[in-house]
1. How about the range 61-74: which of its residues are touching a residue at least 12 places away in the same chain (Cβ under 8 Å), open to solvent by 80 Å² or more (accessible area, probe 1.4 Å) and not β-branched (Val, Ile, Thr)?
2. Could you list all residues from the range 76-102 that are surrounded by 13 or more Cβ atoms within 10 Å (Cβ to Cβ) and charged (D, E, K, R)?
3. Counting just the residues of the range 103-141 that are under 14 Å from residue 67 (Cβ atoms) and without any contact (Cβ under 8 Å) to a residue 24 or more places away in the chain, which one comes out surrounded by the most Cβ atoms within 10 Å (Cβ to Cβ)?
4. Answer yes or no as to whether residue 38 is free of Cβ contacts under 8 Å to residues at least 40 places away in the same chain, over 30 Å from residue 96 (Cα atoms), charged (D, E, K, R) and in a helix (DSSP H, G or I).
5. Condition (residue is among the β-branched types (Val, Ile, Thr), open to solvent by 60 Å² or more (accessible area, probe 1.4 Å) and either over 18 Å from the mean Cα position of the chain (by Cα) or within 24 Å of residue 123 (Cβ to Cβ) (or both)) applied to the range 29-37: is it met by at least one residue?
Amino acid sequence: MDHFAVWFTKYWYLIVPIAAIVLLAFVLTTLAKRHVFRVMHTQSVVNRQVMGADRAERVLRTGQPAVGVVLDSYDTGTRVERIFVLVRLKFQVRPEGGLPAYEAELVAPISPVKLADFAPGRSVKLRFDPVSREIAIDQPVR
């Protein structure tokens, strides 16, 4: 007789509890995965809101080109996706096409590698909405 048959004849009464434990473990694992994915999705949505991604995408898509001179920049103390630094930037926005310059502020996620590119006095390519005067940085984030 093989080992399984011996075990089965001796311990047949354990099959139902073992099956119940295996099923419970499967159900709990599935629920935990769902919860983790829900939390990750929520975190992604919150990160997009904090970074102003929807507004920035709209301005980048429909806005007009400008050059921004950084007047002031400081770290807000917040990190996004554990990499990007949220930096509050104050620009003097100089639209192309002869429109008058104006000042605007923006909180943007900046890679630590690129922080020096946003020091006061540096020029940055921007896009702006002429109606709302919202701005977005028009260069790679990374």
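The values are calculated or read from the model by the stated rules, or taken from the named source; none is laboratory data. Bear in mind the structure is a predicted one, so any value in this text is a computation, not a measurement. Methodologically, a virtual Cβ is constructed for each residue, glycine included, from the backbone with ideal geometry; neighbour enumeration extends over all protein chains shown. We work out accessible area using only protein heavy atoms, side chains counted, and drop any ligands, DNA or RNA first. Shrake-Rupley method; radii C 1.70, N 1.55, O 1.52, S 1.80 Å.
1. First, the residues of the range 61-74 that are touching a residue at least 12 places away in the same chain (Cβ under 8 Å): 62-74.
Then keep just the ones that are open to solvent by 80 Å² or more (accessible area, probe 1.4 Å); that gives 62, 74.
Correct list: 74 only.
2. 79, 88, 90, 94, listed by residue number.
3. Among them, the one singled out is 117.
4. On the way: free of Cβ contacts under 8 Å to residues at least 40 places away in the same chain: yes; over 30 Å from residue 96 (Cα atoms): yes; charged (D, E, K, R): yes; in a helix (DSSP H, G or I): yes.
Judged against the criteria, residue 38 is a match.
5. Residues of the range 29-37 among the β-branched types (Val, Ile, Thr): 29-30, 36.
So of that shortlist, the ones also open to solvent by 60 Å² or more (accessible area, probe 1.4 Å) come out as 29, 36.
Now narrow it down to the ones that are either over 18 Å from the mean Cα position of the chain (by Cα) or within 24 Å of residue 123 (Cβ to Cβ) (or both): 29.
Yes: the range 29-37 contains one or more residues that are among the β-branched types (Val, Ile, Thr), open to solvent by 60 Å² or more (accessible area, probe 1.4 Å) and either over 18 Å from the mean Cα position of the chain (by Cα) or within 24 Å of residue 123 (Cβ to Cβ) (or both).
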